[in-house]
Amino acid sequence: QSKSLAFRVLHNSLIYFSDYVFVTSPGFCVEYLPFLYDDFMKKTLFISNAPTISHYKNLEQYHSKKDLPEIFTIGFVGNLRDYDHLRAIENLLEKTKISILQAGASDFGLELSELQERFPNRFIRIGSYHENDLSSIYGKFHVMWCAYPDTYNYRNHVARRLHEACFLGIPL
């Protein structure tokens, strides 16, 4: 959608030929052609990925655990495609003693390889992973990075990693 107006119009036009449209935020509905909004809403199903209150209560369990070790690991899990997140990883490695685990596909393969060479003992790069491996990945770090860029995707729904961290009781 962000590549060109022509692709955006094509995408928004073709979506009306689908039987169902699933969205994770009602806010996504404004992305589609406004003059067909009512028709679009008739076949749209909203599936929230927001945590329930019981998921947030899992965070209380963390507070009774021992303190973080002096040198701990922050996990960046998911597709790393935001430049600000890459800069955050670089700054944490350069200016602190914190270790970083990056798991997921990335648009910054070259930059991440360079960080691996510069910080071989503190930067763990898993890269793309199978969904079945996610549970073991969560056990390899102490804190989940859940700061999201100011993009439409993140402004209008609760991101999946935040949901998972709340459910598992991982500090953010």
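The values are calculated or read from the model by the stated rules, or taken from the named source; none is laboratory data. If you're wondering where the values come from, they're calculated on a predicted model, not measured in any experiment. Calculation scope for accessible area: heavy atoms of the full protein, side chains included, ligands and nucleic acids excluded. Shrake-Rupley method; radii C 1.70, N 1.55, O 1.52, S 1.80 Å.
Just the accessible area per residue of segment 81-172, please: how many Å² with a 1.4 Å probe?
On a per-residue basis, 57 Å².
For segment 79-145, how big is the tail of P(r) above 20 Å, as a whole percent of Cα pairs?
In whole percent, the share of Cα-Cα pairs in segment 79-145 beyond 20 Å is 23.
Given H placed 1.01 Å from N in the peptide plane, which residues other than close sequence neighbours of Phe123 have an amide H under 5 Å from its amide H?
Ile100
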